[in-house]
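The values are calculated or read from the model by the stated rules, or taken from the named source; none is laboratory data. Bear in mind that the values here come from a model prediction, so they are computed numbers and not experimental data. Counting neighbours? That spans all protein chains shown, and the Cβs are built from the backbone with ideal geometry, glycine included. Surface accessibility is based on the protein's heavy atoms, side chains included, excluding ligands, DNA and RNA. Shrake-Rupley method; radii C 1.70, N 1.55, O 1.52, S 1.80 Å.
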Amino acid sequence: MRGVRFTAALGLVLLIGLTLLFVTGLLSYAAYNPDLASVNDKTPDRGWLGFYLFDWPTHPYWLYRLTQGFHVTVGVALIPVVLAKLWSVIPRFFALPPVTSLAHALERLSLVLLVGGALFEFVTGVLNIQLDYLFPGSFYRLHFYGAWVFFGGFVAHAALKMPKVLRVIRSGELRSGAAEPGAGAVPGAGPDSGPGPGARVGASFADDDLASPAPAAPTVSRRGAFALVGVGSLFMLLTTAGRSIDGPLRRTALLAPHGWENPGDGPNGFQINKTAASVGVRAVDTTDTWRLTVSGPAGDVRLSRAQLLAMAQHTSELPIACVEGWSTSNQSWRGVRLRDLAALAGFPAGPPGVFVESLQPSGAFRSGALRDNQVRDGRSLLALRVNGADLSLDHGFPARIIVPAAPGVLNTKWVAKLTFGAV
Ligand SMILES: Nc1nc2c(c(=O)[nH]1)N[C@H]1C(S)=C(S)[C@@H](COP(=O)(O)O)O[C@H]1N2
Ligand SMILES: [Mo]
């Protein structure tokens with residue numbers, strides 16, 4: 001079963017799948033507005049790796065829900081394929097002599113980056129969505145650099161293998177029945193049974209150093225092995241996807257921690273990322289004494305919640321979509337437009353970006369920056385209510401940011417201060 005055909009088929013799935021994971025990963029990077037202030041992206045040495053091609057839009061409002069749900073769900077579903085692919089190339093790891101030429105040395109180095117990088121990305125990604133922050137430092141930075149290491153190995157590997165791939169395709173070996181490893185092989189036909197169909201196969205696949213020269217009797221067909229990998233992938237897909245679909249299907253997300261949580265019923269009964277208690281936000285600081293500071297060229301304006309409720313109120317139907325891949329269906333948020341608050345701060349037209357600070361005492365998400373296009377979008381709110389009720393403390397009472405198509409992390413809860421023109 002082990003041989004170039006099994007490996008090639010899995011390799012093709014991964015060629016497409018890992019490319020899509022890399023692209024959606026880069027999109028997620030761009031969605032953070034990494035150029036704004038230094039709060040959104042704390043990767044100071046990123047250099048030209050920090051490039052991105054376009055400013056993250058606010059249309060369509062479900063964009064990040066889609067791209068990040070895809071990134072995480074497909075990533076999880078590809079785990080069985082990666083494991084099968086690694087199993088299928090195990091003989092390569094023990095190839096002797098270890099290095100035969102410069103090209104061979106480069107190829108093996110690219111494999112270290114490719115396999116090491118891919119494993120690193122899968123392990124850190126899974127730990128992150130499982131909320132197991134075992135790794136040292138910031139997940140964001142590790143996953144970011146890991147992706148580029150992986151991609152370097154991926155490109156080198158594809159380039160170095162291309163001549164062989166083209167040779168195999170041109171010779172038609174992949175399709176021809178004669179090339180079928182194990183075609184005509186009968187159980188018990190081993191090295192002692194002399195030259196037979198197996199020898200012909202070996203000759204046909206002169207490069208097939210994956211296939212055993214002396215295979216034991218097969219215990220599973222190649223089709224059976226593909227089915228095993230496919231069923232494994234499907235299982236991962238079906239036990240993960242629910243957390244990006246929401247509604248009753250959230251219960252089917254058996255392998256994800258957020259899938260099990262019960263955020264309660266009623267208007268505030270949807271997924272909570274971090275509760276107020278878990279980040280040290282006290283209820284008493286969110287009630288009577290709370291004031292929102294709106295800052296800009298017009299100076300500082302301080303507003304109570306009652307004053308905010310007295311301003312023009314607008315409704316936006318928007319989801320929360322977390323970098324961990326889970327998302328909620330649309331919630332009906334109600335509050336003050338960010339651009340109206342920008343006008344108060346001294347930007348009556350064409351508002352700039354805004355630096356948002358939470359009253360959360362410390363932690364990674366206590367502040368964030370939004371781009372001018374996000375402030376200008378009439379659906380971007382400082383939300384005070386959701387689904388017809390006041391925000392609950394865990395969803396950011398007394399006020400939180402909600403912006404179309406933005407990653408959840410930029411929807412700062414328990415907002416204390418908005419500084420327009422600071423980013
Ligand atoms: N102050 C503050 N705001 C925050 C966070 C936080 O930890 N602290 N978490 C962010 C993240 S990562 C997400 S996904 C959303 C989740 O919002 P929810 O808990 O209301 O679903 O809130 C964002 N706003
Ligand atoms: Mo998040």
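A few points about this structure:
- Cleavage-rule hits, GluC sites (Glu not before Pro), region 228-324, DSSP coil, Cβ neighbours within 10 Å at most 14: Glu261
- With 26 Å as the limit, the listed pairs Lys42/Lys161; Lys42/Lys85; Lys85/Lys161 have Lys42/Lys161; Lys42/Lys85 beyond it between alpha carbons.
- Whether region 22-93 is rounded, prolate or oblate, judged on the alpha carbon gyration tensor where a/c under 1.5 counts as rounded: oblate
- Global dimensions of region 266-423 from alpha-carbon coordinates: Rg and Dmax equal 14.1, 41 Å.
- Think of region 276-420 as having a plus end and a minus end, set by charges on the Cβ of Lys, Arg, Asp and Glu; of Gly296, Ile320, Trp414, Gly296 sits farthest toward the positive end of this dipole.
- Expected-Rg normalisation [2.2 N^0.38 Å, Cα atoms] applied to the chain: 1.23
- Choice from Asp394, Asp55, Asp132 showing the highest fluctuation, given a GNM over the chain with Cα pairs closer than 10 Å: Asp132
- Only the Cβ atoms of Lys and Arg (+1) and of Asp and Glu (-1) were treated as charged; on that basis the dipole of the chain about its Cα centre amounts to roughly 320 debye.
- Straight-distance crosslink candidates among aspartates and glutamates, where the alpha carbon sits under 19 Å from Lys164 and sequence neighbours closer than 8 are dropped: Glu107, Glu173, Glu180, Asp207, Asp208, Asp209
- DSSP beta bridges in the chain [antiparallel fraction, %, rounded to 5]: 90
- Solvent exposure of region 114-175 as accessible area per residue, Å², 1.4 Å probe: 56
- In the chain, helices alone account for a calculated mean residue ellipticity at 222 nm of -12500 deg cm²/dmol, with every DSSP H run of four or more residues adding -39,500 (n - 2.57).
- GNM top mover of Leu53, Leu21, Leu255 - the chain, alpha-carbon springs below 10 Å: Leu53
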